[in-house]
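Below is one structure, written out as structure tokens, with a few remarks after it.
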């Protein structure tokens, strides 16, 4: 399994040899450093590769973390479950060149946070009627329960106003359009969750 961490940069277009244009998202990345290898026959009980991404000052992490990462401080430490964890070694680097144009990938990241929103924006409700005596009810949710349903209580999962965005979303069925190892950029087809600078996980499908 191939994997990489990157930061979302911008969207762009790539013209193919057939004259067709493909829309893609540019991701900026740097090599991952393997900090731990977990296998099923160890106390962890599962196979995974733990990696560190984006080095930072050692004063910003705890001594326990520094001891675990052999003196290097990373902004992000995460792991990817993979069946070939034994192929990796602690201290080795995983670069963007592991991906090639045409690879099928899936990406995951946090969507843009939109704050507290009503039901029209959050769930696509149509709102109330604009005529026949309706007043100030254009964007109201309507009935949320009553004596005739669920014993008069509000059932779990009722679509209501609340905080929107800021959730982890995985997008599948994407492809690698371009890889520039010198600049540390990879272009993924389509749209990728999050705003500019959002941390994105790219995994081979």
Within segment 113-127, the residues that are part of a loop (DSSP other than H, G, I, E, B) and surrounded by fewer than 15 Cβ atoms within 10 Å (Cβ to Cβ) are 113, 114, 124, 126
Filtering segment 166-179 for residues that are surrounded by 12 or more Cβ atoms within 10 Å (Cβ to Cβ) and more than 12 Å from the chain's Cα centre (by Cα) leaves a count of 6
In segment 7-25, which residues are surrounded by 20 or more Cβ atoms within 10 Å (Cβ to Cβ) and either farther than 14 Å from residue 109 by Cβ or not assigned by TED's automatic domain parsing to the domain that holds residue 109 (or both)? 24
Test: residue in segment 88-99 that is part of a loop (DSSP other than H, G, I, E, B) and closer than 15 Å to residue 204 by Cα: yes
Out of segment 36-74, which residues are out of contact with any helix residue (DSSP H, G or I) (no Cβ under 7 Å at 6 or more places or on another chain), crowded, with 18+ Cβ neighbours inside 10 Å and assigned to a strand (DSSP E or B)? 50, 51, 52, 53, 74
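Every residue, every condition in (1) touching a helix residue (DSSP H, G or I) at 6+ places or on another chain (Cβ under 7 Å); (2) in a strand (DSSP E or B), yes or no:
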position	(1), (2)
154	no, no
160	yes, no
166	no, no
169	no, yes
176	no, yes
188	no, yes
203	no, yes
Hey, can you tell me all the residues within segment 75-87 that are part of a loop (DSSP other than H, G, I, E, B) and under 19 Å from the mean Cα position of the chain (by Cα)? 82
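The values are calculated or read from the model by the stated rules, or taken from the named source; none is laboratory data. Values in this document were obtained by computation on a predicted structure and should not be read as measured data. With ideal geometry, Cβ positions are generated from the backbone for all residues, glycine too; neighbour counts draw on all protein chains shown.
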